[in-house]
1. Any residue in the range 132-145 that is of a type in the set (A, V, I, L, M), in a helix (DSSP H, G or I) and crowded, with 24+ Cβ neighbours inside 10 Å?
2. Which residues, counting only those in the range 83-124, are in contact with a Cys (Cβ under 8 Å, 6 or more places away or on another chain) and under 21 Å from Val186 (Cβ atoms)?
3. Within the range 375-385, which residues are crowded, with 18+ Cβ neighbours inside 10 Å and either in the same structural domain as Gln222 (by TED's automatic domain parsing) or hydrophobic (A, V, I, L, M, F, W, C) (or both)?
4. Of everything in the range 83-117 that's of a type in the set (Phe, Trp, Tyr) and in contact with a helix residue (DSSP H, G or I) (Cβ under 9 Å, 6 or more places away or on another chain), which residue is farthest from Ala13 (Cα to Cα)?
5. When you go through Val122, Val126 one by one, which is the residue that is in a strand (DSSP E or B), in contact (Cβ under 8 Å) with a residue 24 or more places away in the chain and farther than 18 Å from Ala21 by Cα?
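The values are calculated or read from the model by the stated rules, or taken from the named source; none is laboratory data. It should be emphasised that the depicted structure is a prediction, and the values quoted were computed from it without experimental measurement. Glycine also receives a Cβ, built like all others from the backbone with ideal geometry; neighbour counts cover every protein chain displayed.
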Amino acid sequence: MRTETTGHLLRFAVLTHGGIAPYANGVHIPHLVETVRTLSTKADVEAFTLQFEGKPSGEYSIGNARVTIIPLEARAPLWNSVRMLVQEVLRAHRRSRFHLILGLWGFPAGIAAYIASRLAKVPNAVSFLGGETADVPSVGYGGMLRFPSRMLLTYLARHADQLHVLSGYQAYQLQQRGIRPHSLFVLPFGVSATRPSVSSPERSSSPRVLVHVANITEVKDQITLLKAFDIIRREVSVRLRIIGPDHRAGYIHDVVKHMGLSRYIEFTGQLTHAEVQEHLRSASLVIQTSRHESQGMVVVEAASHGIPVVTTRVGLGWDWEGLGILVSDPNDPVQIASQSLKILLHPEKYKHRVHKLIQISRQMSPEAFCDQIVARCRLREDGST
């Protein structure tokens, strides 16, 4: 594939420790898969992904991108994953030169991309997609929490040729630590630009449905969610639907029973991306209670459907405060409930916010993300010729 302005072939290596496996065969993150697919329409893309289930190595395709599966035993040292990613990328580079090596997440893929690029003498880009910038000691979460990972990620942030973060919130977290990357870009994930336009329907039926989409983990803070919901349901007729896999061995289910909320709350477990969208479209309100988010993709998804959002002041909650969503401090169920009741009791006052959310979310798309990566690589290539 040749770029429109320069006529020369751009070839990218994309490294990840997961998220782009076929849906029925490993961890599948829809917006990550769509990003790889979109990037493959703009450049020659070869992706390399680790598979921790010990399954055989192999290849498959995402759009025009070739994907190489690198098997890794679950108990293998993490640095083995870096070594294997570097080896595979350099082997492919010897066959046909890469113009950019992109690592998705800081470790292991980001550090592998950095090492491989230095050995291959080509530029690198690293995307911080998760908890790399986080430090949440109350739940033991974050790449900045412990010394070894903090030093590794700080070095990577400062020395990567390009560092991508998903939100201004992440950039602010780096700034607060005195970390000044060589070249920092805020490149959020988004919904497909081809998604049909929507109008926000009236959602006045009773009981109204509140939707929460997240893995059930401590950092997503479903305890605060339940406390906030217990306040909300005493004021309005509502039900809560919690969508996402349970990583706390039924603990949150037990808390629901102990609080006497079982008849008000539904757990769906993990759903397909299409099923999640159906639940979002029928929601009266989306509530997120995370202690940390790099972005908060469900906020973008809800906004694109014209659904009101209440979220904590992390990720896009930090970026979009005052632009269409209502925000709360983390770990504050009273404030989250208060913000939610503003919308539920007076929905007509927030219609203008909903329309603003739709407009903002439509500016974020896989196309925009990939166009930025290609444009910056093209600029560097043109400058070196």
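1. Step one: of the range 132-145, the residues of a type in the set (A, V, I, L, M) are 134, 136, 139, 144-145.
Checking which are in a helix (DSSP H, G or I) leaves us with 139.
Next, only the ones that are crowded, with 24+ Cβ neighbours inside 10 Å stay: none.
No: the range 132-145 contains no residue that is of a type in the set (A, V, I, L, M), in a helix (DSSP H, G or I) and crowded, with 24+ Cβ neighbours inside 10 Å.
2. Leu100, Pro123 - these are the residues of the range 83-124 that are in contact with a Cys (Cβ under 8 Å, 6 or more places away or on another chain) and under 21 Å from Val186 (Cβ atoms).
3. Taking the range 375-385 as the starting set, the residues that turn out to be crowded, with 18+ Cβ neighbours inside 10 Å are 376-378.
The one that is crowded, with 18+ Cβ neighbours inside 10 Å and either in the same structural domain as Gln222 (by TED's automatic domain parsing) or hydrophobic (A, V, I, L, M, F, W, C) (or both): Cys377.
4. Checked the range 83-117; the qualifying residue farthest from Ala13 (Cα to Cα) is Phe107.
5. Matching residue, one of Val122, Val126: Val126.
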